[in-house]
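This report concerns only the one structure given below.
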Amino acid sequence: MDRKADADYDCTFLDDAVTDGRVTHKESIREQYATDESPHSGHVPDAVVWPASADEVCAVLSAANDRGVPVTPRSGGSGLEGNAIPSAGGIVLSTAEIDHVEISPEDMQVTVGAGVVYDDLNERLASHGLRFAPGISSGNVATIGGMVATNASGFNAVRYGETRDHVRRLKVVTADGRIVECGKGVVKTSAGYSLKDLFVGSEGTLGVVTEVTLGLVGIPEYRKAALVTFPSRVAASGAVADAIGSALVPGAIEFIDTTAIKMLNAYHDEVSFEEHPTLIIELHANNSGIEEDLAFAKAICEDHGMLSWKAAGKANLEDIWQARRDKYPATQSYRDDWEVALVGDVVVPISRYPDIVEEVSQASEELNLMTSCVGHAGDGNLHFTSLVDPDDEEMVGRAHELNERVVRKAIALGGTSTGEHGIGIGKRQFMNEEHGQAIDLMRSIKETFDPNGIMNPGKVLPDA
């Protein structure tokens with residue numbers, strides 16, 4: 001971590017930008033905002049500020065823009081690609097204080113501040129029989145603003161879509177202090193360019209999202225789930241490809257390889273998994289047709305040589321999903337003094353899912369690495385994590401080699417370098433390869449919205 005002895009930027013102007021002293025220049029607090037949940041190296045900012053409204057964000061950004069001071073927006077800090085690391089120093093702008101919630105159940109939508117935490121929002125929506133559906137694993141920390149910034153998704157995206165599919169309207173503050181509203185609180189509109197979709201996934205490089213209007217879905221009346229084991233990764237991932245290709249629309253379908261299963265078993269007392277490649281298949285419905293879908297899913301798994309099919313009762317279903325959410329801490333704690341080198345996040349066309357799973361397996365074996373895999377398999381998303389001795393530079397290098405190999409394979413298969421974690425610091429090197437000449441257009445957009453380059457510099461776009 002870069003711990004600067006002296007501030008590079010004079011940020012005392014922030015004392016007049018927000019009320020109630022919601023700004024700090026203390027090094028002990030600044031150091032807490034130098035990193036996020038990613039393994040990437042941190043950088044201590046010169047100040048941290050917590051605006052409580054769009055107007056205060058406006059005051060911070062316009063003053064910073066006039067002085068050329070970098071600003072790194074931050075939400076829950078749960079990003080895994082260094083999205084919220086203040087690489088250039090300057091200001092960390094936290095949206096945690098912008099946490100208002102206005103539910104409109106008759107319109108099946110909600111308007112929230114960017115600092116509202118995902119799980120807290122769904123807890124409030126539940127009394128109306130509604131929810132915001134992507135189903136992310138870090139939902140107890142991640143905020144709606146951060147989810148918009150990275151276009152986050154998770155377990156339920158295969159049925160309900162990613163964050164972008166639910167965003168109806170955004171309030172955004174641009175680098176020069178303009179407060180802009182994009183989109184409308186309606187299901188559809190054809191009026192002009194879709195600026196809201198431009199901001200979704202932009203990781204704070206174009207502006208700061210302060211308010212979001214989201215479309216909601218009803219909580220399903222019926223949920224049925226099963227744990228299914230297979231003799232190999234290829235058999236399990238092949239079952240996923242066939243299930244989705246057969247027009248089955250599960251509420252969730254998760255892939256967990258044997259290494260990941262061992263880590264979860266070592267970490268959890270509440271749930272014990274059979275140590276084979278496993279799928280968690282969950283179906284949602286509001287009628288009895290769910291039983292037919294469950295039988296159909298089982299038949300597909302049988303065609304791929306499943307070893308076991310274990311129905312998950314209502315009592316232990318939440319324990320199973322909590323275990324899956326704990327995959328990252330389970331990996332971190334699996335071997336003393338070893339650390340997660342990085343968290344892979346790729347997506348491929350569903351028919352190529354077995355290919356990308358096999359690529360991780362082969363690369364891990366050839367590079368002699370302990371690599372575990374899980375994935376939101378129903379939409380072609382695969383996560384992979386390698387544990388390494390952080391003092392062994394050669395081993396750390398092999399983990400990065402594995403990541404590069406798998407990402408390039410995903411792109412070659414017609415996929416993408418990231419499905420939900422964003423680009424941040426870690427994936428910039430692949431942007432030219434994935435997007436080609438479209439990068440020039442992206443740079444033009446960046447320069448239009450942020451001509452002085454103060455918004456989250458060093459993220460998303462590769463160096464020219």
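The values are calculated or read from the model by the stated rules, or taken from the named source; none is laboratory data. The shown structure was predicted, so the numbers you read here are calculated from the model rather than taken from an experiment. Because the Cβ atoms are built from the backbone with ideal geometry, glycine has one as well, and the counts that use them run over all protein chains shown.
Per-residue answers, yes or no, for (1) at negative phi; (2) in a loop (DSSP other than H, G, I, E, B):
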position: Asp293; (1), (2): yes, no
position: Lys298; (1), (2): yes, no
position: Met306; (1), (2): yes, yes
position: Trp309; (1), (2): yes, no
position: Tyr334; (1), (2): yes, yes
position: Asp337; (1), (2): no, yes
position: Glu358; (1), (2): yes, no
position: Thr371; (1), (2): yes, no
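State which residue is surrounded by the most Cβ atoms within 10 Å (Cβ to Cβ) when the search covers only segment 421-464 and only residues that are aliphatic (A, V, I, L, M) and either touching a strand residue (DSSP E or B) at 6+ places or on another chain (Cβ under 7 Å) or in a helix (DSSP H, G or I) (or both). Among them, the one singled out is Met455. For segment 398-416, state whether one or more residues are among the hydroxyl-bearing types (Ser, Thr, Tyr) and touching a residue at least 12 places away in the same chain (Cβ under 8 Å). Checked against the condition, which is being among the hydroxyl-bearing types (Ser, Thr, Tyr) and touching a residue at least 12 places away in the same chain (Cβ under 8 Å), segment 398-416 yields at least one hit. Could you tell me whether segment 231-251 includes any residue that is on the phi > 0 side of the Ramachandran plot and out of contact with any Leu (no Cβ under 7 Å at 6 or more places or on another chain)? Scanning segment 231-251, I find at least one residue that is on the phi > 0 side of the Ramachandran plot and out of contact with any Leu (no Cβ under 7 Å at 6 or more places or on another chain), so the answer is yes.
Pick from segment 7-30 the residues that are among the charged types (D, E, K, R) and under 11 Å from Asp46 (Cα atoms): which of them is farthest from the chain's Cα centre (by Cα)? That would be Asp10.
Here the condition is being under 18 Å from the mean Cα position of the chain (by Cα) and more than 17 Å from Asn83 (Cα to Cα); of Val180, Val212, Val148, it holds for Val212 alone. Taken over segment 66-85, the criterion of being under 20 Å from Val172 (Cβ atoms), modelled with pLDDT of 95 or more and either surrounded by 20 or more Cβ atoms within 10 Å (Cβ to Cβ) or in contact with a helix residue (DSSP H, G or I) (Cβ under 6 Å, 6 or more places away or on another chain) (or both) is satisfied by Val69, Pro70, Val71, Thr72, Pro73, Arg74, Asn83, Ala84. Look at (1) surrounded by fewer than 15 Cβ atoms within 10 Å (Cβ to Cβ); (2) at pLDDT below 95 and you find that Asp379 fails only one, number (1). Residues that are farther than 29 Å from Leu441 by Cβ, under 23 Å from the mean Cα position of the chain (by Cα) and crowded, with 24+ Cβ neighbours inside 10 Å occur at least once in segment 158-171.
Residues to consider are Ser351, Ser364; find the one that is outside the structural domain of Ser232 (by TED's automatic domain parsing), hydroxyl-bearing (Ser, Thr, Tyr) and surrounded by 16 or more Cβ atoms within 10 Å (Cβ to Cβ). Result of the check over Ser351, Ser364: Ser364.
The set of residues in segment 402-450 that are among the aliphatic types (A, V, I, L, M) and under 17 Å from Pro39 (Cα atoms) comprises Leu402, Ile423, Ile425.
Of all residue pairs spaced 6 or more apart or on separate chains, those with beta-carbon atoms under 6 Å, a first member in segment 328-345 that is within 19 Å of Leu382 (Cβ to Cβ) and a second member that is among the small types (Gly, Ala, Ser) are Ala341/Ser386; Ala341/Ala399; Asp345/Gly419. When segment 265-287 is filtered for residues that are assigned to a loop (DSSP other than H, G, I, E, B) and either surrounded by 21 or more Cβ atoms within 10 Å (Cβ to Cβ) or touching a residue at least 24 places away in the same chain (Cβ under 8 Å) (or both), the ones remaining, listed by number, are His268, Glu270, Val271, Phe273, Glu274, His276, Pro277, Asn286, Asn287. Here Arg405 meets each of (1) more than 18 Å from Phe199 (Cα to Cα); (2) crowded, with 18+ Cβ neighbours inside 10 Å; (3) basic (Lys, Arg) with one exception, condition (2).
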